[in-house]
Amino acid sequence: VQLQASGGGLVQAGGSLRLSCAASGSIFSINAAGWYRRAPGKQRELVARISSGQYTYYTDPVKGRFTISRDNAKNTVYLQMDSLKPEDTGVYYCRAELGGNWIWGQGTQVTVSS
């Protein structure tokens, strides 16, 4: 079972990116999932999460700017990031629960220039 994260890149402040996290190799669908960020020199922290019932949660720094969503048919979770700020820079990781097991994806780098 793998989680493939993609969509990172370099963007100017105020710009947008959409990250994707696709599950493969599993007979199970993604139930709950989260996006985490490790900023330079800091520990990895939660950014947003979505439950199996579509409940969403955002940390205060990203509330109103980021949107987490899912496409069950594609077994993929997304993170739409708008109005990006330099402090959003970091490596973004997805984590998802499939069949009762939580799995981490590899990171994708997001760099926001001022």
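Scan the stretch 29-47 for residues that are open to solvent by 30 Å² or more (accessible area, probe 1.4 Å) and over 18 Å from Tyr78 (Cα atoms) and the total you get is 5. Scanning the stretch 77-101 for residues being open to solvent by less than 30 Å² (accessible area, probe 1.4 Å) and outside any strand (DSSP E or B) gives a total of 3. Here Val47 meets the list (1) in contact with an Asp or Glu (Cβ under 8 Å, 6 or more places away or on another chain); (2) in a strand (DSSP E or B) almost entirely, failing just condition (1).
Among the numbered conditions (1) open to solvent by 50 Å² or more (accessible area, probe 1.4 Å); (2) hydroxyl-bearing (Ser, Thr, Tyr); (3) closer than 15 Å to Gln2 by Cα, the only one that Ser26 does not meet is (1).
Residues that are modelled with pLDDT under 95 and of a type outside the set (Phe, Trp, Tyr) occur in the stretch 54-62; there is at least one.
The values are calculated or read from the model by the stated rules, or taken from the named source; none is laboratory data. Since the structure is predicted, the reported quantities are computational estimates derived from the model, not experimental observations. Cβ atoms come from the backbone with ideal geometry, glycine included; neighbour counts cover every protein chain shown. Heads up: the accessible areas ignore ligands, DNA and RNA and are worked out on the full protein's heavy atoms, side chains in. Shrake-Rupley method; radii C 1.70, N 1.55, O 1.52, S 1.80 Å.
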